[in-house]
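S.K.: Got a structure for you, written out below as structure tokens; questions coming shortly.
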Amino acid sequence: MTTQLIKQIALGFAALAILVTTSAIPSLASSHAEAPLISMDRFADNTDTYAFRSVEAGREGFVTLIANYIPLQEPSGGPQWFRWDDSVMYEIKIDNTGDGKEDITYQFRFQTQIVNGNTVLGQSTVNQDGVISNLADLDYNMPQTYSVTRLAPTSTKRPRSLITGARTPPANIGQRVTPNYEANLGQPAVYDLPNGGKVFAGNRDEYFYIDLGVFDALNLRSIGASGGIDSTKNYNVSTLAIEVPIQELTRTGAIPASSTASDAVIGVWATASRQSVSVAGGNTEWRQISRLGNPLVNEVVIPLGLKDAFNTLSPAVDGTIPQVVQAIQDPELARLLQAVYGISIPPPPRNDLVQIFGTGIPVNSVTGPNYTTFLSDGTAHEYLRLNVGIAPTAIASQNRLGLLGGDFAGFPNGRRVFDDITDIALRAVAGGTPFTPATNIAPNNTLGDGVSFNPEGPLLTRFPYLLPPNQGNQPRPSSTPTAP
Amino acid sequence: MWTAFSNILIIVSYSLLLSFGGACSTTEPYSRIATAAESVLNPEADPGVASALKLIETMPDSAAGYNQLAIHLIKTARRTGDFSINKKAEAAVAKALEKAPGDITARKLHASLQLTFHRFDKALELGTQLKKEFPKDAFVYGVLTDANAELGNYDEARANAQQMVDLRPDSSSYARVAHIRSLFGDHPGAVEMYIAAARTTDPADKEAQSWCLLSLGKEYFKVGKLDLAENVIDESLSISPGYQLALLEKSRIRASQGDYDAAIMILDNDKNGLLTLQSYILRGDIASKQGRTGDADAEYHRAEEAALSLDGDLHPLALLWADHDVRLDEALDIAEKDFASIKDIYAADTLSWCLYKKERYLEAETAVKQALRLKTNDAKILYHAGMIAKALGNKKAAREYLQSAIKTNPKFDLLQAEVAENALRSLR
């Protein structure tokens with residue numbers, strides 16, 4: 001047993017002793033059972049947002065936007081599995097002027113049908129032969145259809161319906177019910193849109209790889225590129241993916257002339273909203289209850305007590321909320337990194353982090369004259385920023401560390417599914433980047449969670465890029481250390 | 001007749017409780033509970049505790065670890081039904097506030113824990129302070145809704161619930177809207193919202209799901225829809241087998257249908273041994289119905305002990321004594337003290353019933369009007385109103401109230417429903 005470990009155990013027991021001592025009176029509390037106040041709304045919970053120039057061959061003129069919801073889905077979660085919630089409005093939003101307000105919104109609404117209600121089985125049943133061989137198969141007992149509407153709230157343009165009646169694929173239930181999943185059900189659920197783009201809504205493999213020891217007070221098995229455990233291995237997630245022409249997203253309605261053109265950067269975030277109700281009766285307006293732009297901001301930057309409030313905010317007001325600004329300028333994670341690893345970190349206010357998360361990175365000497373993600377009216381708005389004027393990097397040449405690895409097409413220029421966000425975020429928060437030269441030293445600039453790729457395999461080379469969902473009818477493999 | 005529980009220990013305990021506002025007896029079941037609560041702080045057995053302690057160790061000057069521990073303990077208390085664990089949570093929050101007095105998470109937890117311990121005035125005070133600083137935080141309005149509803153500030157509670165659901169329509173706010181609608185007599189609206197609350201709860205949060213379904217079941221029971229009530233309570237129990245509060249309601253429904261053996265068996269299924277005051281009363285009522293007078297007395301005695309061990313809420317004890325025409329002076333004392341600090345309809349109802357039993361009918365009528373002011377679908381309040389009207393010679397009103405009580409739920413109480421029916425018959 002190491003001295004450090006003995007010290008940790010002793011400290012743990014000391015903390016325990018404090019609590020036991022302060023509450024030693026064996027008083028029985030009342031049985032008052034008020035409604036839960038600490039609750040989650042999993043079906044309206046954003047997990048990740050991605051925005052990148054399409055890398056599928058022949059799709060260079062498009063941007064792919066992906067919003068994932070409903071975290072950590074067990075593939076065997078039947079008989080209902082994880083469906084989209086008909087009472088939630090899912091949206092992907094784009095700000096192309098820098099004021100934090102959405103100029104374009106892609107709005108997804110779902111509707112669940114029931115083919116046969118007289119069955120204890122849920123998503124599938126034996127209405128014919130028990131095999132779901134296509135999206136219209138009657139054995140797909142609870143199919144969901146959806147519509148996508150494009151809104152332009154800041155213009156006089158009317159909402160435009162992009163698709164209605166599109167079907168989501170069922171869960172990947174197992175070889176017997178959903179054989180040849182991707183060919184029969186996954187790929188047919190990719191629909192063409194009238195603007196030349198594509199859309200998909202359904203379960204996929206959770207590609208985001210992370211050792212969740214990060215959330216256990218940075219209790220990581222490794223702080224390098226390997227040696228960690230992918231905690232999301234074999235979990236699924238619900239994916240909205242839409243591919244749209246670049247010019248549909250920019251403020252000018254054109255493809256930017258260069259990466260430094262005034263219309264080159266767009267802001268992207270995704271939300272989930274539910275309808276409020278009147279206590280006196282009836283439904284009222286839609287209210288945003290979840291939001292996600294930059295990765296890990298809501299998870300590790302915004303304090304626990306502010307998360308719910310932050311989730312309801314529009315990026316337009318981020319800069320006016322002192323607690324949000326302070327959380328970014330002086331993140332608790334930085335102090336935790338300092339405490340756990342004994343490293344020096346840049347002192348607050350962390351303007352380097354404000355640039356990454358709040359305003360975008362202006363043209364500067366570190367990244368050269370052709371790189372910027374700056375999009376701001378002078379105040380901070382937290383969302384992903386994608387410079388659509390920067391060409392995508394071919395799949396084979398992508399660097400998982402994005403900008404830190406010299407790959408201008410990766411995070412924080414938008415976010416690709418491939419990007420190793422945890423390592424990038426740890427290094428950025430520790431000040432291990434060229435933007436904070438004094439701390440751009442080891443281990444600050446080599447930090448990681450020990451997981452540097454998705455063990456389920458590489459991404460698809462076609463839309464929607466994410467791998468098919470893990471199959472439900474298989475033993476759940478234990479998480480194993482990933483290969484270096 | 002229940003007469004065998006004049007016990008000097010109880011009087012002493014009761015006096016201590018009133019004097020010190022929270023002392024408790026150390027009867028065997030409660031020392032066992034305390035031991036169970038200690039075990040939840042075992043980091044080896046509970047990864048949630050281990051994780052929080054690690055954070056405390058890593059950042060000893062931060063509130064973060066203590067907050068994490070408190071949240072874990074609050075959830076554990078809800079999941080296990082062992083509310084004594086909330087004492088540990090409160091201690092953790094106190095440490096968090098000691099480390100960082102302004103920490104918003106700690107302050108929110110501090111405010112919400114006041115509700116758990118029935119310190120509604122304090123919850124209201126803390127919630128009001130938080131609201132000034134964080135007017136966009138739905139959690140804060142949840143605290144305010146609960147505190148105002150418990151204090152009888154119903155217009156404020158309704159406004160707070162509206163603010164909460166407008167800020168964040170989710171399971172927590174839907175449940176509060178449901179509760180307010182139920183209080184204001186909107187049964188269909190309450191059912192609609194409890195269903196919405198259950199549907200939007202995180203499937204991984206078994207306790208929250210079960211709580212919403214249990215509340216829906218209780219709402220159905222209130223209006224006598226026993227089959228629907230039992231169905232959703234069964235669903236609640238299928239999600240959280242052994243869920244103590246659901247077992248109690250399931251038992252109550254079985255007993256109300258005369259299935260006493262099943263009712264007792266269900267209560268015996270409470271493996272945690274954390275039987276509540278209400279379950280002792282139910283056991284006593286069942287024993288009374290079965291003519292087992294000695295057993296009934298013993299159960300009511302246990303109910304008294306349980307009540308006197310609680311922090312605060314004694315009005316069920318006052319109702320118990322009033323229902324059984326025993327210790328009426330003490331019952332009235334509790335009811336008057338309760339009503340002096342809490343103006344909610346249930347405090348008013350308890351006061352009215354104790355005054356009625358003391359034959360102070362005019363005062364009872366005044367109090368029961370307070371209890372009826374929201375037009376709540378509550379058969380017991382209507383029954384009390386009917387009995388008071390009858391005692392005052394107002395036969396028409398008595399008939400109407402008693403008919404309403406029985407129409408609302410003919411099985412509203414194992415013993416008192418029969419009294420209501422007999423009283424109504426005598427008025428025809």
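Since every read-out is calculated from the coordinates, none of them should be taken as a lab result. What you see is a predicted model; the values in this text were computed from it and never measured. Quick reminder, even Gly has a Cβ in these numbers, built from the backbone with ideal geometry, and neighbours come from all protein chains shown.
S.K.: Using the Kyte-Doolittle scale, which helices in chain A average at least 0.5 and also have C-alpha atoms spread 24 Å or more along the helix axis, with helices defined as whole DSSP H runs?
M.R.: Helices meeting the criterion: A:3-22.
S.K.: Relative contact order for chain B using alpha-carbon pairs under 8 Å, separation at least 6, rounded to a whole percent?
M.R.: After rounding, I find 12 percent.
S.K.: For the stretch A:91-218, what is the charge dipole size about the Cα centre, in debye to the nearest 20, if Lys and Arg each add +1 at the Cβ and Asp and Glu each add -1 at the Cβ?
M.R.: That gives the stretch A:91-218 a dipole magnitude of about 620 debye.
S.K.: Treating the beta-carbon of each Lys and Arg as +1 and of each Asp and Glu as -1, no other charges, what is the dipole magnitude of the protein assembly as shown about its Cα centre, to the nearest 20 debye?
M.R.: Dipole size: approximately 1140 debye.
S.K.: Related question: Just to verify a number: FRET efficiency for B:Asp61 and B:Glu421, C-beta to C-beta distance, R0 = 56 Å, to 0.05?
M.R.: Here the calculated transfer efficiency is 0.30.
S.K.: Work out the charge dipole of the protein assembly as shown with +1 on the Cβ of Lys and Arg and -1 on the Cβ of Asp and Glu about the Cα centre, then indicate which of A:Asn470, B:Gly152, B:Ser112 is farthest towards its positive end.
M.R.: With unit charges placed on the Cβ atoms, the residue in question is B:Gly152.
S.K.: Which distance in Å, rounded to a whole number, links the C-alpha centroids of the stretch B:319-343 and the stretch A:73-146?
M.R.: 54 Å
S.K.: Given 0.36 nm per residue, what is the gain on full extension from A:Thr320 to A:Ser161 after removing their alpha carbon distance, in nm?
M.R.: 53.8 nm
S.K.: With a Förster radius of 56 Å, plug the Cβ-Cβ distance of A:Asn116 and B:Arg79 into 1/(1 + (r/R0)^6) and report the FRET value to the nearest 0.05.
M.R.: 0.95
S.K.: Each label point is 7 Å from the Cα along the Cα-to-Cβ direction; what then is the distance between the points at A:Ser226 and A:Ala394, in nm?
M.R.: 2.6 nm
S.K.: On to the next question. Under a 5 Å amide H to amide H cut-off, with H placed in plane at 1.01 Å, what residues pair with A:Gln471 once short-range neighbours are removed?
M.R.: none
S.K.: Grab the beta carbon distance between B:Glu156 and A:Glu182, set R0 = 60 Å, and tell me the FRET efficiency rounded to 0.05.
M.R.: 0.60
S.K.: Using 0.36 nm times the number of residues separating B:Lys369 and B:Arg428, minus their current alpha carbon distance, what extension gain do you get?
M.R.: 18.9 nm
S.K.: For A:Ile289, what residues show an amide H to amide H distance below 5 Å, using hydrogens built from the backbone and excluding near sequence neighbours?
M.R.: For A:Ile289, the qualifying residues are A:Ala272, A:Ser273, A:Arg274.
S.K.: Whole-Hz ³J(HN,Hα) for each residue in the stretch A:273-284, computed from phi via Karplus 6.51 cos²θ - 1.76 cosθ + 1.60 with θ = phi - 60°, x for glycine and proline: what do you get?
M.R.: After applying 6.51 cos²θ - 1.76 cosθ + 1.60, I find 10, 10, 7, 6, 10, 8, 4, 6, x, x, 8, 10 Hz.
S.K.: Next question. What is the set of long-range amide H partners of A:Thr284 at a cut-off below 5 Å, with H atoms built 1.01 Å from backbone N?
M.R.: A:Ser276, A:Val277, A:Ser278
S.K.: Ranked by Cβ crowding within 10 angstrom, fewest neighbours first, how are A:Asp407, B:Asp285 ordered?
M.R.: Fewest to most other Cβ atoms nearby, the residues stand as A:Asp407, B:Asp285.
S.K.: May I pose another question? Which one of B:Pro135, A:Phe62, B:Ala45 has its Cα pushed farthest toward the positive end of the charge dipole of the protein assembly as shown, where Lys and Arg give +1 and Asp and Glu give -1 at the Cβ?
M.R.: Farthest towards the positive end: A:Phe62.
S.K.: So, one more: In whole Hz, what ³J(HN,Hα) sequence does the stretch B:377-383 give by Karplus (6.51, -1.76, 1.60; θ = phi - 60°), x for Gly and Pro?
M.R.: 6, 10, 4, 5, 5, 4, 4
S.K.: From other protein chains only, count the Cβ atoms within 10 Å of every residue's Cβ in B:102-112, then give the mean.
M.R.: Mean shielding by partner chains, rounded to a whole number: 3.
S.K.: Using a 10 Å cut-off around each Cβ, can you sort B:Thr350, B:Thr76 from fewest to most neighbouring Cβ atoms?
M.R.: With the sparsest Cβ surroundings first, the list reads B:Thr76, B:Thr350.
S.K.: Give me the angle, in degrees from 0 to 90, between the Cα long axis of helix B:8-20 and the longest principal axis of the Cα atoms of chain B, rounded to the nearest 10.
M.R.: Once rounded, the angle reads 50 degrees.
S.K.: Using Cα pairs under 8 angstrom and six or more residues apart, how large is the relative contact order of chain A, in percent?
M.R.: That works out to 20 percent.
S.K.: Next question. With only Lys, Arg, Asp and Glu charged, each at its Cβ (+1 for the first two, -1 for the last two), find how big the charge dipole of the stretch A:254-321 is about the Cα centre; round to the nearest 20 debye.
M.R.: Around 160 debye, computed over the stretch A:254-321.
S.K.: Would chain A count as rounded, prolate or oblate if I go by the C-alpha gyration tensor, calling it rounded below 1.5 in a/c and otherwise prolate when a/b exceeds b/c, oblate otherwise?
M.R.: Because its axes are fairly even, with a/c under 1.5, chain A counts as rounded.
S.K.: Give me a single rounded figure for B:57-63: the average over its residues of other chain Cβ atoms within 10 Å of their Cβ.
M.R.: That works out to 6 on average.
S.K.: Moving on to the next point. Counting only other chains, and only Cβ atoms inside 10 Å, what mean value do you get across the residues of B:133-143?
M.R.: 4
S.K.: Once Lys and Arg get +1 and Asp and Glu get -1 on their Cβ, which of A:Ala257, A:Val199, A:Thr149 lies farthest toward the positive end of the dipole of chain A?
M.R.: So the residue we want is A:Ala257.
S.K.: What ranking do B:Leu328, B:Leu41 get, fewest neighbouring Cβ atoms within 10 angstrom at the top?
M.R.: B:Leu328, B:Leu41
S.K.: Place a label point 7 angstrom from the Cα of A:Ile441 along the Cα-to-Cβ direction, then list the residues of the stretch A:417-431 whose backbone nitrogen is under 14 Å away.
M.R.: A:431
S.K.: So what are the ³J(HN,Hα) numbers for the stretch B:74-90, from phi and the Karplus equation (6.51, -1.76, 1.60; θ = phi - 60°), rounded to whole Hz, Gly and Pro as x?
M.R.: My calculation for the stretch B:74-90 gives 4, 5, 5, 4, 5, 5, 8, x, 8, 6, 5, 5, 4, 4, 5, 4, 5 Hz in order.
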